[in-house]
1. Rg and Dmax of region 192-272, using alpha carbons, in Å: what are they?
2. Lys pairs in region 157-306, Cα-Cα under 24 Å, at least 8 apart or on separate chains: how many?
3. Which order do peptides 116-127, 28-39 fall in by mean Cβ count within 10 Å, highest first?
4. Relative contact order, percent, of region 260-357 when contacts are C-alpha pairs under 8 Å separated by at least 6 residues?
5. Could you give the nm distance between label points at ILE355 and ASN73, where each point is 7 Å from its Cα heading toward the beta carbon?
6. Averaging the inverse of every distinct alpha carbon separation and then flipping it gives the Kirkwood radius. What is it for region 260-357, in angstrom units?
7. Using alpha carbons only, how many angstrom separate the centre of region 238-297 from the centre of region 306-358?
8. Counting only Cα atoms, I'd like the Rg/Rh figure for region 2-213, Kirkwood definition for Rh.
Amino acid sequence: MTESLVHPNFKLNGKAVSGDGLWEVAHRFIKEGQAYQESVGRFLLDWLSASAKIHVNTSGSTGKPKKIELLKNHMRNSALATGAFFNLKSGDTCLLCLSCDYIAGKMMLVRAMLLGLDVYIAEPTATPLQHIGYPQTFRFCAMVPLQVQASLDALERIETLIIGGASVSNALKKELLPKKTRCFETYGMTETITHVAIRELSEASRNPFRALPNVHFSLDDRECLVIDAPKIASNKIVTNDQVALVSDTEFLWLGRFDNVINSGGVKLFPEAIEEKLSTYLQDACIVAGIEDERLGQKLVLVMESDSTQKIDLDLFKEIKTLAPYERPKEIYYLPTFIRTKNGKIQREFTLQKAINNQ
């Protein structure tokens, strides 16, 4: 059983490790390692166990975190699909710098074990590349946007980078385009065992997400994405993501159904507006709707900033990409947004805290 779960060429931090040797590594990480290594050790034991299932915690970015079951066979299929998409070969190096408490970190290990990669494990800080000495470079790595932003000066050490966990802002995208690193934004969730669709960051303003092999898309009656991926999920997955379907394997992401704002009868997608604003605003921001007698919901902007340098509302009239109804009517300031452990902004809590701080 262990042999089928671990490629014979698998390496950990540059050293060959057999399937049986992984048991020893896992126990050592749990007994002697730091917190992030303990997390790696616990997952290794889960992966090597006789159980056909893995229990995984969701991130909690869109609601209360919950524990779900995933089939190891589905995780295997997901890893193989990623390997095929990016042409990962046995012996390639990869960097694990995400927490193994969540699916993204777990799947980096699974890809390495199944494909025979040499995985280097770094503490999942904002600047993980600082923990891996030069001249080590990596064929493949996954990061969240906060890590990418803080690692811009060292990205040349990574050949292919996938970015997930939160949207890539226009400002970050502009900084990534001149880099030699090929950067891809991913779409997925815990239930889909990380990404099921990928788009390469390019000069194109809004290129669509493209499905991985054996994944197809449709819409429900809310115009939300439905994912049909029989190799990684037993049933179709109905999401709360509103999209514009380009084909059954491509879509443009518009925003979360539960975030949509109805202002004066006009449907507003906060994420799309935030993408436009990110070109002009340096600080992180979200837009949201608050109750308004005339409009039903009024569009407001929340800035991750103190209020010492306030923004004039007239600025939004100068942003040509913003339609009149997409211009915020009020601005709130909050020094620090409320985020999940993997960096996703918790919108509802952040908005409420910003309002209470005024």
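1. Spelled out, the Cα radius of gyration and Dmax of region 192-272 are 13.4, 43 Å.
2. Details: LYS173/LYS276; LYS174/LYS276; LYS179/LYS276; LYS267/LYS276; LYS267/LYS298; LYS276/LYS298.
Count of close lysine pairs: 6.
3. Working: 116-127: 19.8, 28-39: 15.2.
Ranked from most to least packed, the peptides come out as 116-127, 28-39.
4. On the way: 147 pairs, mean separation 22.8, N = 98.
For region 260-357, the relative contact order is 23 percent.
5. 4.8 nm
6. Numbers: mean 1/r = 0.0727 Å⁻¹.
Every distinct Cα pair counted, the radius reaches 13.8 Å.
7. 14 Å
8. Details: Rg = 16.4 Å, Rh = 17.4 Å.
Result: Rg/Rh = 0.94.
None of the figures in this text is laboratory data; all of them are computed from the coordinates on show. Remember, it's a predicted structure, so these values are computed and weren't measured experimentally. Heads up, the Cβs are rebuilt from the backbone with ideal geometry, glycines too, and the neighbour counts pull from every protein chain shown.
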